[in-house]
Amino acid sequence: MATTTVAYRTTICLIWALALWHSWESRGLFVDGSAFLVQIARREWFFDFYDPRLFAMVVGQAPIITAVFLGVTDLHLLARLLSLGLFALPTALYTLALVRAKDDPVLLAAVIAAIGVVFMTTSFFIVGEYNTAYAIAVLVAVRLVTAGRLTVLDGLFLVVIGVLAIRTYEALIYLGPLLSAMILHAVWRAPHRPWLATGLHLLSVAGFIAGMMVAVRSLIRPYSVEHLDETIETAANFWQNLQFDLALAAVLVVVVWGLVRPRDLLAARPYRWAAIWLAIVALSPLLALSDTLVRPLAKSQYVARQAAGLVIITIVLFIWCHGWLLRDRLAAFAVLRTPQAARRFLTFALLVLLAIVPADVYLTRTWSAYLDVVRQEVRSKPGVIAFEDSALARHPYDLLVEAWILPSQSLAVRGKQGDGIVAPPRDFKAWQPFSPDEPYPLGKFVWRE
C-alpha cells in the first residue's frame, strides 16, 4: 500500500510531467485553442473577448503574451507556451492542494481522486475555464479544513483565489455559494477571530459571491444563445466519456460500499471490485483497434464537464464532512481515520489516477498525429482546401475535427504566407471566425519546425 509520501510525490511528478508533455505537443490548440492562438498573434495582445472568463483567460495566456512582447514570432513555440499557460494554472492549483493535504491520507486521497476522475478525464479541452474553477474549489476546501485557526496568510490566500474566481465563468454559479458557506463556517467555528484574519476571510467570500453573480449574468445574457442551448442539450451526454464513466464507477463502488458497510474499508474486498473498472479504464485504448466509437475520445471530454462539476461538488462536501461536519458522526469517517483503512483508501485513489494515464497518452499521441496531418495538408496545397478532399476527412483523424475551427487551425500551422486553408465541410453553415478564402493576415507570425 502507498504511503502519503509516495502518493504525494508520485502525483505531483505525474501531473507536471503530463502538463509539460501536453504543452510540448501543443494540446492547447484543441478546438478553441487554435482560435486563441490566431487572435493573439493577430492582435499581439490578450484574447480577452468575454468578461465572465476574463481572469482565468488572462492568467492562462500570460506565458504566450510575455513571449510576444519579447518578439517571438514562431507560432509553434507560441502554441506550446499557450498550452503551458493553460495547463499550468489548474496544475499549480492542484499542486497547492496536494501540498496542503499531504499529511492527511484521506484528504490526500480526495485531491488525487479529483485529479484522476475529473481533471485527467475532462481537460483535453484545456482552454475551458472549468478546469481552473474545479481546481480552485478543491484547493479552497482543503486549505480551510487543514487550517487550525484563522491566519492572515490563509486570509490573503483566499482573497487572491476569490478575486481569480470572480471571472472564471459558469461553474462558479454553484461553487461560489458552496465555498462561501465553507469559509463562513470556518469563521464561525474558529476559537479565536483576530480582526485582520477574520476580515480577510470575509472579504474572500465577497469574491466567490461575485463570481456566482457573474456566472448568473453569463447565463442570463450569454455570449451566444446557440452555444448555451447546445451546452444544456449536451450536458446529459457525459456517458460518452468512457474514461470519466469508468473511473467514476470505480469510485462509486468504494464510496457506496463504505457507506453501507464501513468496516469493509479495512479489507480489500470493495477495492477488488472497484479494480475491475480501473482495469477496463487502463485497457481502454485497446478499443481503438476496433472500428467503433466506444473508445477514448477527445471531444467527449468537453460534454462531460457539467457532470464533472457535480463530482467536484461531492468531493468538496466529502472534504468538508471529513474535516468538520460529520467527522465524528459517520461510521465511514471513523473507519477511514484508522491507519490501515486510510492507506487502502489512498492507494486506491492513486490507482484511479494511474489507470487514466494510458488513455491520456493515447489521446495525446492521436492529437499529435492529427496536427501533423493538418500541417501536411496546409503546406502541400495552396488556396482553399476542401475538407472532403483532405486526409482529415478520413478515419481516425475525423474524430478530432471540429468544423468551425478548421480554418483557424490551418492558419495557425502555416509555414508561410500563401499556404492552404482547410475549409469546413460543405454542409457546414454555422459561424466561423473568418472565411477560408480571406484568412487573417498574421504578417511575421508563422509556424516553424
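Could you grab the pairs with beta carbons closer than 8 Å, sequence gap of 6+ or different chains, first residue in the stretch 246-260 and touching a residue at least 24 places away in the same chain (Cβ under 8 Å) and among the polar types (S, T, N, Q), second one part of a helix (DSSP H, G or I) and surrounded by fewer than 21 Cβ atoms within 10 Å (Cβ to Cβ)?
Short answer, once both residue conditions are applied: none.
What number goes with the only condition from (1) within 30 Å of Leu150 (Cα to Cα); (2) of a type in the set (A, V, I, L, M, F, W, C); (3) surrounded by fewer than 17 Cβ atoms within 10 Å (Cβ to Cβ); (4) in contact with a helix residue (DSSP H, G or I) (Cβ under 8 Å, 6 or more places away or on another chain) that Trp195 does not pass?
Unmet for Trp195, out of (1) within 30 Å of Leu150 (Cα to Cα); (2) of a type in the set (A, V, I, L, M, F, W, C); (3) surrounded by fewer than 17 Cβ atoms within 10 Å (Cβ to Cβ); (4) in contact with a helix residue (DSSP H, G or I) (Cβ under 8 Å, 6 or more places away or on another chain): (4).
Checking the structure you have, find out if any residue of the stretch 240-263 is part of a loop (DSSP other than H, G, I, E, B) and farther than 30 Å from Arg327 by Cα.
Checked against the condition, which is being part of a loop (DSSP other than H, G, I, E, B) and farther than 30 Å from Arg327 by Cα, the stretch 240-263 yields at least one hit.
Pairs under 6 Å by beta carbon, first residue within 14 Å of Trp21 (Cβ to Cβ) in the stretch 357-373, partner of a type outside the set (Phe, Trp, Tyr) and outside any helix (DSSP H, G or I), six or more apart or different chains?
Tyr362/Pro296; Leu363/Pro296; Leu363/Ala298; Thr364/Glu25; Ser368/Glu25
Conditions tested, residue by residue: (1) among the small types (Gly, Ala, Ser); (2) under 14 Å from Val117 (Cβ atoms); (3) in contact with a Leu (Cβ under 8 Å, 6 or more places away or on another chain).
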site	(1), (2), (3)
Gly258	yes, no, yes
Arg261	no, no, no
Leu283	no, no, no
Arg295	no, no, yes
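Quick test for you: out of Arg217, Arg221, pick the one residue that is in contact (Cβ under 8 Å) with a residue 24 or more places away in the chain, under 27 Å from Glu129 (Cβ atoms) and basic (Lys, Arg).
Arg217
Write out, first by first residue and then by second, each pair whose Cβ atoms fall under 6 Å of each other, whose residues are 6+ apart or on separate chains, and whose first residue, in the stretch 71-84, is touching a residue at least 60 places away in the same chain (Cβ under 8 Å) and surrounded by 24 or more Cβ atoms within 10 Å (Cβ to Cβ) while the second is assigned to a helix (DSSP H, G or I) and hydroxyl-bearing (Ser, Thr, Tyr).
Here the result reads Ser83/Ser23, each pair linking the stretch 71-84 to a residue that is assigned to a helix (DSSP H, G or I) and hydroxyl-bearing (Ser, Thr, Tyr).
Could you grab me the full set of residues in the stretch 37-64 that are more than 17 Å from the chain's Cα centre (by Cα) and closer than 26 Å to Ala359 by Cβ?
Leu37
Criterion first (over 30 Å from Gln417 (Cβ atoms), crowded, with 18+ Cβ neighbours inside 10 Å, of a type outside the set (Asp, Glu) and at pLDDT 95 or above) does Leu317 satisfy it?
no
Count, please, the residues in the stretch 96-109 that happen to be surrounded by fewer than 24 Cβ atoms within 10 Å (Cβ to Cβ) and in contact with a helix residue (DSSP H, G or I) (Cβ under 6 Å, 6 or more places away or on another chain).
5
Taking the condition part of a helix (DSSP H, G or I), in contact (Cβ under 8 Å) with a residue 12 or more places away in the chain and more than 15 Å from Leu93 (Cβ to Cβ), does Leu178 pass?
yes
If you take the residues in the stretch 112-149 that are buried (at least 23 other Cβ atoms within 10 Å of the Cβ) and touching a Lys or Arg at 6+ places or on another chain (Cβ under 6 Å), which one is farthest from Phe55 (Cα to Cα)?
Checked the stretch 112-149; the qualifying residue farthest from Phe55 (Cα to Cα) is Val142.
Go through the stretch 298-316 and give me each residue that's assigned to a loop (DSSP other than H, G, I, E, B) and closer than 24 Å to Ile112 by Cβ.
Ala298, Ala304
Quick check on the stretch 381-439: of everything there that is within 21 Å of Leu78 (Cβ to Cβ) and of a type in the set (Asp, Glu), which residue is surrounded by the fewest Cβ atoms within 10 Å (Cβ to Cβ)?
Glu402
The values are calculated or read from the model by the stated rules, or taken from the named source; none is laboratory data. Not measured: the values here are computed from a predicted model. Please note: Cβ atoms are built from the backbone with ideal geometry, for glycine as well, and neighbour counts cover all protein chains shown.
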